[in-house]
Amino acid sequence: MSGRLGKRKEEGEYASEGDSNPPPKKSSRTDDSDADADAIVVCEISKNRRVSVRSFGGKIMVDIREFYVKDGKQMPGRKGISLNMDQWNVLRDHADEIDEAVAENS
């Protein structure tokens with residue numbers, strides 16, 4: 001073996017060596033605003049950040065996310081976190097401790 005990293009196609013041959021076929025293109029997402037239409041916006045933290053509650057895969061999620069504008073529409077960005085109910089309850093139960101830690105570091 002040559003020690004190079006890459007996906008093996010056959011013994012001693014790697015996908016990155018001499019491949020004339022380009023990698024498959026990623027499919028673009030459909031309009032994400034439809035998927036976010038059933039979300040309940042609880043509050044806007046700042047101009048481009050908001051907290052919402054939505055159903056995803058039959059489970060309730062608390063979503064804290066950045067949004068961006070595309071073609072005049074607000075679209076959810078990649079930066080953010082979705083908490084399931086167990087995670088949300090842990091965070092909520094520790095809110096006082098978080099406030100104390102913030103006060104100590106201010």
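The values are calculated or read from the model by the stated rules, or taken from the named source; none is laboratory data. The structure presented is a predicted model; accordingly, all values stated were derived computationally and were not measured. When we count neighbours, we look across all protein chains shown, and the Cβ atoms used for this are built from the backbone with ideal geometry, even at glycine. In case anyone asks, the SASA skips ligands and DNA or RNA and just uses the protein heavy atoms, side chains included. Shrake-Rupley method; radii C 1.70, N 1.55, O 1.52, S 1.80 Å.
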Just check segment 65-106 against the gyration tensor rule for me: Cα atoms, a ≥ b ≥ c as the square roots of the eigenvalues, rounded for a/c under 1.5, and otherwise prolate or oblate depending on whether a/b exceeds b/c.
oblate
Quick one: if the Förster radius is 30 Å, what FRET efficiency do MET85 and ASN105 give, using the C-beta to C-beta distance and rounding to 0.05?
0.55
Heavy atoms only, 1.4 Å probe, whole protein assembly: order ASP93, ASP63 by accessible area, highest first.
ASP93, ASP63
Between ARG92 and LYS47, the FRET efficiency computed from the C-beta separation at R0 = 30 Å comes out, to the nearest 0.05, as 0.75
